[in-house]
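Accompanying notes for the structure given below.
The values are calculated or read from the model by the stated rules, or taken from the named source; none is laboratory data. If you're wondering where the values come from, they're calculated on a predicted model, not measured in any experiment. Neighbour counts run over all protein chains shown; Cβ positions are idealised from the backbone, glycine included.
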Ligand code: MIC
Ligand code: SF4
């Protein structure tokens, strides 16, 4: 039987396990990336494990999320990351050099390699044929130390593209179309391979937009073949030697095949507050818009920005709209400046922000109260923009410009001629903002610089055989990590300070949660399906762990979050009968006895002492996961030398 692209890369990197859907496989990881909001914790964990030099082919630490430096906290964390990177063999991308995924694609990614990153949009690398996955910081720390990364062997989906995009219909619209078809949980447990004759007309930045947003499907990752388009991109980046050809076998077998005819697609828009609430742009025409943001790791490539500049050239944005543009990298910004496109952007009345995540993670540029914001980003979860009652829509750069010019949601096809923008034959290469690590000899004498914002890692609590605890919170379906542990300008500076962060846990759902959970000392959370979707932030597990949460019972979990819960020593349990969700209420006293035997059986009976209900729960884990849970988390497990 032939293999898919992902299966070929998995096979070449498999350290243990079986290539059958649902079994756990251990992978050798070639490259890692971290960003600052998750990186501080990942490097603290790396240090705690007593590891010396990274064992990967390439590990890069980016600073891109929190670049406001509104107090000493960020500056201290950046300095810590820079010094720890230098000492341990990690390349350091300075603040201003760009968004991790954009820079990694430009400068470091290689087809056929494995990459894990402490950021859920790491699958962007799939745009050049990498097997690139988001992971919790602790998993990245282990991989940096040469340890395996474990995934549940996924199903293989194929999206077959035929035809060609019409003018003003873009890669972003393809991403929104697949979200419309599959929903935010439709990709869970699957790797999505993009193929068909239609991919030949998609450039690497367009492919990367699609693999980037595959994260919103809950997929393990998304991947394109490595072909002539990939080769041209790598050559333009001066990295032709990194090219290898990669394609699936003609007789590869897929669990699901989805066909999309590109010529039939229209400009699409995701409505508040979920990326899968997709309708056509024309169906919302005339909706008043207050703010437009162009950028983020989804749509900040040079090609995106050149199109935006061409559409804005000689025009002035609507007086009622505030427009921000964040180029994805220093390479993009300098090339825009050199060719004059930056002037076209500035003359239109746009505000040019730093090459960083910025508004995407609520780091400034929050909309006005109740404001309508059109963003080229990948997520529009409630409150993520920093304004609780804002209505955030997700669109392509072309649709974003149309709204910025007219002040209302407008089909971009009404803008006239679509700009013709070609990929440059060569990109401007300047890696001066990437600082190489010290040599092993030099590193020995180097000091790691820590600031007072770095607080000790919360104590591990080994799992008990009998758990008696109250339900401290009950939430619904599709709870995101932005609900569990919000980010934004006020909170992000404290990512290395779990006690401080804990005050904001679940603030979007219930502000009284942290106080109540702390008072209980030990508690359980009940959730619906796809619990923990979205970001890779392990803080969404570490903070509940700090607040005494010992188990989460849900209808189903998102991939990265369930791994983070296990890594934090929190027991993730699923309802055997999803309708039993209705039987549990906040305040109920629960007893879970004989847990260890239950873990071996794969099922445990929950006794609700308040209602008298008995509810069967699924608790099937691999031997490794059981040992991690019993030890009280991955850090403890690794320290015990397992
Ligand atoms: C996000 O887009 O939500 C983030 C911020 O990039 C996160 C990482 C984080 O919370 O630090 C992600 O996607 O993993
Ligand atoms: Fe940054 Fe937004 Fe991309 Fe997350 S989704 S890495 S916050 S740009």
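Annotations
- Residue ID - farthest from residue 533 (Cα to Cα), chosen from residues in segment 185-224 that are in a loop (DSSP other than H, G, I, E, B) and within 13 Å of the chain's Cα centre (by Cα): 220
- Flag for residue 413 being in a loop (DSSP other than H, G, I, E, B), buried (at least 18 other Cβ atoms within 10 Å of the Cβ) and touching a residue at least 40 places away in the same chain (Cβ under 8 Å): no
- Residue in segment 477-489 that is closer than 25 Å to residue 360 by Cβ, within 16 Å of ligand 1 (Cβ to nearest atom), touching a helix residue (DSSP H, G or I) at 6+ places or on another chain (Cβ under 8 Å) and free of Cβ contacts under 8 Å to residues at least 60 places away in the same chain present: yes
- Residue within segment 158-176 that is assigned to a helix (DSSP H, G or I) and surrounded by fewer than 21 Cβ atoms within 10 Å (Cβ to Cβ) present: no
- Taken together, the residues in segment 1-14 that are loosely packed, with under 13 Cβ neighbours inside 10 Å and farther than 13 Å from residue 153 by Cα amount to 2.
- When the test is whether a residue is away from ligand 2 (no atom under 16 Å from the Cβ), modelled with pLDDT of 95 or more and over 24 Å from residue 406 (Cα atoms), residue 335 passes it.
- Residue within segment 388-395 that is within 16 Å of ligand 1 (Cβ to nearest atom), under 17 Å from residue 287 (Cα atoms) and not in a loop (DSSP other than H, G, I, E, B) present: yes
- Which numbered condition residue 115 fails, given (1) within 16 Å of ligand 2 (Cβ to nearest atom); (2) not in a strand (DSSP E or B): (2)
- Hey, residue 324 over 27 Å from residue 211 (Cβ atoms), more than 16 Å from ligand 1 (Cβ to nearest atom) and modelled with pLDDT of 95 or more or not: no
- As a summary of the residue check, residue 387 satisfies the conditions (1) more than 16 Å from ligand 2 (Cβ to nearest atom); (2) farther than 30 Å from residue 238 by Cα; (3) crowded, with 23+ Cβ neighbours inside 10 Å except for the one numbered (3).
- Restricting attention to segment 31-66, the residues that are more than 13 Å from ligand 1 (Cβ to nearest atom) and surrounded by 20 or more Cβ atoms within 10 Å (Cβ to Cβ) add up to 11.
- Residue check for residue 202: surrounded by fewer than 24 Cβ atoms within 10 Å (Cβ to Cβ), touching a residue at least 12 places away in the same chain (Cβ under 8 Å) and within 23 Å of residue 296 (Cα to Cα): yes
- Of 268, 179, 202, 262, all but one fail to be within 16 Å of ligand 1 (Cβ to nearest atom) and over 17 Å from residue 132 (Cβ atoms); the exception is 179.
- Residues of segment 80-102 classified as within 14 Å of ligand 1 (Cβ to nearest atom) and assigned to a helix (DSSP H, G or I), total: 4
- Exactly one residue among 141, 132, 171 is in contact with a helix residue (DSSP H, G or I) (Cβ under 6 Å, 6 or more places away or on another chain), within 16 Å of ligand 1 (Cβ to nearest atom) and closer than 22 Å to residue 5 by Cβ, and that residue is 132.
- A search for C-beta distances below 8 Å between a residue of segment 10-38 that is within 22 Å of residue 193 (Cβ to Cβ) and without any contact (Cβ under 8 Å) to a residue 24 or more places away in the chain and any residue that is in a strand (DSSP E or B) and away from ligand 2 (no atom under 16 Å from the Cβ), counting only pairs 6+ apart in sequence or on different chains, returns 14/25; 14/26; 14/27.
- Here the condition is being under 26 Å from residue 639 (Cβ atoms), away from ligand 1 (no atom under 16 Å from the Cβ) and within 21 Å of the chain's Cα centre (by Cα); of 570, 566, 498, it holds for 566 alone.
- Taking first residues from segment 53-79 that are more than 23 Å from residue 438 (Cα to Cα) and without any contact (Cβ under 8 Å) to a residue 60 or more places away in the chain and partners that are within 16 Å of ligand 1 (Cβ to nearest atom) and in a helix (DSSP H, G or I), the Cβ contacts under 9 Å between residues at least 6 apart in sequence or on separate chains come to 69/78; 69/493.
- Comparison of 293, 297, 355 shows that the only residue that is in contact with a strand residue (DSSP E or B) (Cβ under 6 Å, 6 or more places away or on another chain), within 16 Å of ligand 2 (Cβ to nearest atom) and in a loop (DSSP other than H, G, I, E, B) is 355.
- Near pairs, Cβ below 8 angstrom, 6+ apart or cross-chain, from segment 337-361 (touching a residue at least 40 places away in the same chain (Cβ under 8 Å) and within 28 Å of residue 379 (Cβ to Cβ)) to any residue that is within 16 Å of ligand 2 (Cβ to nearest atom) and in a helix (DSSP H, G or I): 345/305; 353/359; 355/330; 355/332; 355/333; 361/37; 361/492
- Matching option when the condition is touching a strand residue (DSSP E or B) at 6+ places or on another chain (Cβ under 7 Å) and closer than 23 Å to residue 427 by Cβ, among 205, 250, 225: 225
- Residue 313 within 27 Å of residue 265 (Cα to Cα), surrounded by fewer than 17 Cβ atoms within 10 Å (Cβ to Cβ) and touching a helix residue (DSSP H, G or I) at 6+ places or on another chain (Cβ under 6 Å): yes
- The set of residues from segment 567-580 being under 17 Å from residue 533 (Cβ atoms) and surrounded by fewer than 23 Cβ atoms within 10 Å (Cβ to Cβ) comprises 574, 578.
- Scope segment 372-383; condition over 14 Å from the mean Cα position of the chain (by Cα), under 24 Å from residue 173 (Cβ atoms) and assigned to a loop (DSSP other than H, G, I, E, B); matching residues: 376, 382
- Filtered residues of segment 322-339 (kept if surrounded by fewer than 22 Cβ atoms within 10 Å (Cβ to Cβ) and assigned to a loop (DSSP other than H, G, I, E, B)): 339
- Flag if residue 544 is within 27 Å of residue 362 (Cα to Cα), in contact with a strand residue (DSSP E or B) (Cβ under 9 Å, 6 or more places away or on another chain) and away from ligand 1 (no atom under 12 Å from the Cβ): yes
- Test: residue in segment 243-255 that is within 16 Å of ligand 1 (Cβ to nearest atom), within 27 Å of residue 110 (Cα to Cα), assigned to a loop (DSSP other than H, G, I, E, B) and in contact with a helix residue (DSSP H, G or I) (Cβ under 8 Å, 6 or more places away or on another chain): no
- Qualifying residue in segment 358-367 (condition: surrounded by fewer than 19 Cβ atoms within 10 Å (Cβ to Cβ), assigned to a loop (DSSP other than H, G, I, E, B) and away from ligand 1 (no atom under 16 Å from the Cβ)): no
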